[in-house]
Amino acid sequence: MRVPRRRTLLLAGVATAVAIIVTLLTTGLGKDPSVIASPLVGRVAPNFTLPQLDGPPVTLARLRGQVVVINFWASWCTECQVEQAALDRTWQQFQDSGVVVVGVNFEDSTGAARGYVRTESVTYPVVEDSGSQTALAYGLRGVPETFVVNQSGRIVNRVIGPVDAAALASEINSMLRARAQ
Amino acid sequence: MNAAGTLRRARAGLPGLLVLIALAASVATLVIVAAGGHPPASQAQQVQQIAAGLHCPICKDLSVADSPAPLAQQMRQEIAQKLRAGESADQIRAGFVAAYGDSVLMSPPRRGVTGAVYYLPLLVLAAGLITAFMVLRRWLRAPRPDPPGAGSPPLSATQRRAVAKAVARLREEEPG
């Protein structure tokens, strides 16, 4: 009777090992390393003080108490043009409700950034991250990337690629409602 | 005890003393080299070492040290800046991990699912060896069929008669 039992255990062991390997392969290979969840989500957003293209410097810490949408972009980035209208709409819709949209220009020249702001009619504040130190602090992997910061200064979401205006509005509304309650 | 005897004894002990001195010198050299280690790396070398251990976040399979991307250049500058500010290599790496996660490391730490990737092949190898050992042991212990003609030698006519007699006697002795 011992031999069949041992054989059963052996088969169970082999089956478990195969199941683990298959699970690891299917879950691991399906992941795109470029969309790995940011470890910053849920943490306090790294502070920055950056010069604005047209206006006074912007300090994130001074915006505490408001919802802040931080959008990293560049004039050479075609996907940034895709989301431009959505960001502008968000700014127009929520700027009087305690929401700030900040565009952070990444790896760009001041001239190109100004040209983009003019031609695309960007209305929200745009700052320059000329040393990319803010981009590195936010773990940026490319543009566009958008971070949503709640009233407590914590990052609640990170969007890789163009933002969706409706999804962003819904997220902002829920944060504003939670604050009001 | 005369002078000649003393000199003879001293000469006899000289090779041993020389060996002892040579051994002591070797040990002292080893200790000095081990304690001194390598000469301290220059800051550029330190930047290179740290950058070689970090993934360029916007490249495919390139380290920060090897990537020509502007972001990788900025990372190298930031590493140099932090070294100048007195941060250790571990602190600098931890700073990048805080922003990018473990995936920014060229050799992610061996824990969680990543740990399984390191240890699973060893486990599978061990399981394979155990299985092979068990199969081999069973194979060696299993009784083997006798080759044709390798059984007991056939009985002679006398032996057959003796066996028949013994069987008949046993049957007679059986009650009923």
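What to note about this one:
- Scalar couplings 3J(HN,Hα) for the range A:139-147, obtained by applying the Karplus form with A = 6.51, B = -1.76, C = 1.60 to θ = phi - 60°, are x, 5, 10, x, 10, x, 9, 10, 10 Hz; x denotes Gly and Pro.
- Contour minus Cα-Cα distance for B:Val135 and B:Ala28 (0.36 nm per residue): 33.1 nm
- Note, ³J(HN,Hα) from phi for the range A:94-106, Karplus 6.51, -1.76, 1.60, rounded to Hz, x at Gly and Pro: 10, 4, 9, 10, x, 10, 10, 9, 10, x, 10, 6, 10
- Fully extended contour minus Cα-Cα distance, from B:Val163 to B:Ala142, at 0.36 nm per residue: 4.3 nm
- Low-density loop cleavage sites - GluC sites (Glu not before Pro) in the range A:97-130, where at most 16 other Cβ are within 10 Å (DSSP): A:Glu120
- Amide hydrogen neighbours beyond the local backbone of A:Val58, cut-off 5 Å, H modeled: A:Leu50, A:Gln52
- Cα-derived Rg over Rh, computed across the protein assembly as shown with Rh taken as Kirkwood radius: 1.38
- Between helix A:165-180 and chain A there is an angle of about 90 degrees, using the helix long axis and the longest principal axis of the Cα atoms.
- In the protein assembly as shown, the calculated helix contribution to ellipticity at 222 nm averages -18500 deg cm²/dmol per residue, counting -39,500 (n - 2.57) for every DSSP H run with n ≥ 4.
- Rounded to whole numbers, the Karplus 3J(HN,Hα) couplings from phi for the range A:65-80 are x, 10, 7, 10, 9, 9, 10, 8, 8, 8, 5, 7, 9, 6, 5, 5 Hz, using 6.51 cos²θ - 1.76 cosθ + 1.60 with θ = phi - 60°, and x at Gly and Pro.
- Taking amide H as placed 1.01 Å from N in the peptide plane, A:Arg154 has its amide H under 5 Å from the amide H of A:Ala45, each at least 5 places away in sequence or on another chain.
- For B:Ser63, nonlocal amide neighbours, meaning residues 5 or more places apart or on other chains whose placed amide H falls under 5 Å from its own, are B:Cys56.
- Fewest-first sequence of A:Trp76, B:Trp139, A:Trp91 by Cβ atoms within 10 Å of each Cβ: B:Trp139, A:Trp76, A:Trp91
- Pair B:Tyr119, A:Arg177: separation of 7 Å Cα→Cβ label points (nm): 4.5 nm
- Using a Förster distance of 30 Å, the FRET efficiency for A:Val18-B:Ala94 (Cβ separation, nearest 0.05): 0.20
- As a proxy for reagent exposure, ranking B:Cys59, A:Cys77 by other Cβ atoms within 10 Å from fewest up yields B:Cys59, A:Cys77.
- GNM result for chain A, Cα springs below 10 Å: residue of A:Phe94, A:Phe147, A:Phe106 fluctuating most strongly: A:Phe94
- Distance between the C-alpha centres of the range B:75-138 and the range B:157-176: 81 Å, rounded to the whole angstrom.
- For the range B:49-124, applying the loop criterion from DSSP together with a ceiling of 13 other beta carbons within 10 Å to the trypsin sites (Lys or Arg not before Pro) yields B:Lys60, B:Arg110, B:Arg111.
- In terms of its alpha-carbon gyration tensor, the range A:85-170 comes out oblate; a/c meets the 1.5 threshold, while b/c is at least as large as a/b.
Any read-out appearing in this document is the output of simple, stated calculations on the displayed coordinates, not a laboratory observation. On a predicted model such as this, the values are computed, not experimentally measured, just so you know. Please note: Cβ atoms are built from the backbone with ideal geometry, for glycine as well, and neighbour counts cover all protein chains shown.
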